[in-house]
Amino acid sequence: MSDVTRPLIGITTYVETTRFLVHDTRAAVVPWAYTEQVAKAGGRPVLVPPMLDGGVEVLDGLDGLIVAGGADVEPARYGEAPHPKVYTSPLRDAGELPLVRIALKTGVPLLGVCRGMQVMTVASGGRLHQHLPDVPGSGEHTTHGPLKVYAEHPVRFATGSRLRELYGAEAVVNSYHHQAVKDPGRLVPTGWCTTDDLIESVEHPDHPFAVGVQWHPEDMATNALFQALVNAATQVRHARANRAEFFATV
């Protein structure tokens, strides 16, 4: 695929204090694995920093969007008081929720990863488990300690879902998350942990490609989910080019 035809895939960024060579500063950053997976799938990664006003016009130049992992969504966004252990990023909420709502409304191919799935849920009128250790039987979904170390567990997928098309009836996924989907709102659950039935994936029933997963596919060997996103985004890019060509000739 040439650079001209590669679909542009936006990836939302973390906002964290980051160490550079000679100083620390607040920065918009994202794990490199996201960009590698998008490029490997044939897309062109574009980093999207959060904006307080949403900055939704950025979607006019993108063919697809990934909402990356990170901090918890503010419970006030779904009408609840915060649990004492919630760690939020109000700037990311302000930037990502409008992006997701517009992407869902306009058909922009969308992939939500961990926090991204939770953002999709809240944008769709759903609610979250704020602190998974309070949910009985959910201990295998995360690990504790100063370093991020993935747990693993199997997930079963619904018949007819995109995830089942990509992974089969069941797959083992990595796991590291503090929150999870309690009520998916207008989204449809399509994957569940086999041991406790916690929702592991959601899809939008009326959207060409809107998928959220609770695990971290950017750190898995299979590229299938990113390839599916890029394929959907390529169709969007071609349709846009065909419309532009048509109107240029009338």
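Details
- Qualifying positions in region 185-202 - open to solvent by 10 Å² or more (accessible area, probe 1.4 Å) and more than 16 Å from the chain's Cα centre (by Cα): 185, 186, 192, 194, 195, 196, 197, 198
- The selection criterion, being open to solvent by 40 Å² or more (accessible area, probe 1.4 Å), modelled with pLDDT under 95 and of a type in the set (Val, Ile, Thr), does not hold for residue 46.
- Residue 40 fulfils the conditions (1) touching a residue at least 60 places away in the same chain (Cβ under 8 Å); (2) in contact with an Asp or Glu (Cβ under 7 Å, 6 or more places away or on another chain); (3) open to solvent by 40 Å² or more (accessible area, probe 1.4 Å) except for a single criterion, (2).
- Cβ-Cβ distances below 8 Å connect the following pairs, each with a first residue in region 148-164 that is of a type in the set (Asp, Glu), a second residue that is assigned to a strand (DSSP E or B), and a separation of six or more residues or different chains: 152/172; 152/173; 152/174; 152/175.
- Matching residues in region 59-76 - criterion: being of a type outside the set (Asp, Glu) and crowded, with 18+ Cβ neighbours inside 10 Å: 59, 62, 64, 65, 66, 67, 68, 69, 70, 71, 73, 75
- Residue in region 48-67 that is more than 28 Å from residue 185 (Cα to Cα) and among the acidic types (Asp, Glu) present: no
- All of (1) open to solvent by 10 Å² or more (accessible area, probe 1.4 Å); (2) modelled with pLDDT of 95 or more hold for residue 134 with one exception: (2).
The values are calculated or read from the model by the stated rules, or taken from the named source; none is laboratory data. Note that this is a predicted model, so its numbers are computed, not measured. All Cβ positions, even for glycine, are placed from backbone atoms using ideal geometry, and neighbour counts span all protein chains on display. Protein only, heavy atoms only, side chains kept; ligands, DNA and RNA dropped before computing areas. Shrake-Rupley method; radii C 1.70, N 1.55, O 1.52, S 1.80 Å.
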